[in-house]
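Take a look at the structure below.
The values are calculated or read from the model by the stated rules, or taken from the named source; none is laboratory data. These numbers were taken from a predicted model, which means no experiment stands behind them. Note that we place each Cβ from the backbone using ideal geometry, even for glycine, and neighbour counts take in every protein chain shown. Areas reflect the complete protein model, heavy atoms only, side chains present, ligands, DNA and RNA absent. Shrake-Rupley method; radii C 1.70, N 1.55, O 1.52, S 1.80 Å.
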Amino acid sequence: MTEHRSATAELLRSETVRERRGALRQRIESAEITVRDILCCEDRTTFAGPAHADGYTVVLTRSGGYLRQIAGEEFFVDPTGGYLTRPGDEQRVAHPVGPGDRSTEIHIGERLFADRFDGRPATRRFTVTAATDLHHRTLLAAARHGTEPFELAERPHRLLDGVAASLGHWRADATARPSTARVHGRLVRDTCAALAAGPPALGLSLEELARTVGASPHHLSRVFHAVTGSTLTQYRTELRLRGVLHALEEGEENLRTLSYTYGFADQAHLTRTCRSRTGHVPSAVRTLLADRA
């Protein structure tokens, strides 16, 4: 009886941990690559950890956002990109905008990692183009569909090529003193977190966003561009489009509703933006991401 109660208590504890930390689902496994879909349910607003990376990974975010510290570097991760880890990296995570972020974790071999990422800029955080993000999402759709194994094994390599090509787009402000660069980094981190809070946050004016993060509009605009290489307008448009892509991936079909929800002027504006950044109109994207063979 005691053993039965102990086993039951252990099962409840494991279920609680699974519910709190989220679900991890393996999607693709080949000789050098394992792709997993992660839904994170952690709700800590302060940093948890440290933990240590157990391999070479490329992590891409599909929805939500969270703070990461990796090997002393701190940054905010959202659907415009992701981060790299190497074995032994000390890392911590916090969720200032709440739980529910969704990511794809790609474990790769040492040789493959060195071939793609050694000799690139040292920063662990990276951004990706909307076209690479769509490639990421269609990879998962192909795994759900049961795509032919040869094609499914090849697709992650093309995705890794797109990620490697984007490294260096997110950069530190080389013109600033170290203390100033840290302050600027925190301002950008807080701005990204504010915009990741959901569609209403993407509707904030520049003045409202600046007040939210405690800066003047001019200072915020200048610092954001210096640190990221992107204007706030460009970044916000990317976040809006990634929100639409994720909604289409989740099964939303009404493009007019998506245009309104994510702050596009109308459906035609969404169509132009999506086509210019991904090479596809939204209806074609919807077909690519449809959860059916």
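Mind checking which residues of the stretch 222-249 are without any contact (Cβ under 8 Å) to a residue 60 or more places away in the chain and surrounded by fewer than 18 Cβ atoms within 10 Å (Cβ to Cβ)? Reasoning before the result, please.
From the stretch 222-249, those without any contact (Cβ under 8 Å) to a residue 60 or more places away in the chain are 222-227, 231-234, 236-237, 240, 244, 247-248; that's our starting set.
Across the stretch 222-249, the qualifying residues are ARG222, HIS225, ALA226, THR231, THR233, GLN234.
Give all pairs with beta carbons closer than 6 Å in which a residue from the stretch 196-217 that is closer than 25 Å to ARG62 by Cα meets a residue that is aliphatic (A, V, I, L, M) and open to solvent by 30 Å² or more (accessible area, probe 1.4 Å); count only pairs at least 6 apart in sequence or on separate chains.
These pairs meet every condition: ALA196/VAL97; ALA197/VAL97.
Quick one: which strands (runs of 3 or more DSSP E) lie wholly within the stretch 75-122 and hold at least 1 residues that are open to solvent by 40 Å² or more (accessible area, probe 1.4 Å)?
Values: elements: 81-85, 90-94, 102-108.
Qualifying strands (runs of 3 or more DSSP E): 90-94, 102-108.
With the structure loaded, tell me whether LEU239 is within 18 Å of ASP101 (Cα to Cα), in a helix (DSSP H, G or I) and of a type outside the set (Val, Ile, Thr) or whether it fails that test. Break it down into steps so the answer makes sense when it comes.
Working: within 18 Å of ASP101 (Cα to Cα): yes; in a helix (DSSP H, G or I): yes; of a type outside the set (Val, Ile, Thr): yes.
So LEU239 fits the description; yes.
If you take the residues of the stretch 123-162 that are of a type outside the set (Ser, Thr, Tyr) and part of a loop (DSSP other than H, G, I, E, B), which of them is least open to solvent (accessible area, probe 1.4 Å)? Spell out the reasoning first.
Of the residues in the stretch 123-162, the ones of a type outside the set (Ser, Thr, Tyr) are 124-126, 128, 130-131, 133-137, 139-146, 148-162.
From what's left, part of a loop (DSSP other than H, G, I, E, B): 124, 128, 146, 148.
Numbers: ARG124: 31, VAL128: 14, GLY146: 59, GLU148: 104 Å².
Once the filter is applied, the top-ranked residue is VAL128.
Need the failing condition index for VAL35 against (1) modelled with pLDDT of 90 or more; (2) closer than 30 Å to ALA247 by Cβ; (3) of a type in the set (A, V, I, L, M, F, W, C); (4) not in a strand (DSSP E or B), just the number.
(4)
If PHE264 meets every condition in (1) surrounded by fewer than 19 Cβ atoms within 10 Å (Cβ to Cβ); (2) assigned to a loop (DSSP other than H, G, I, E, B) apart from one, which number is that one?
(1) is the only condition that PHE264 fails.
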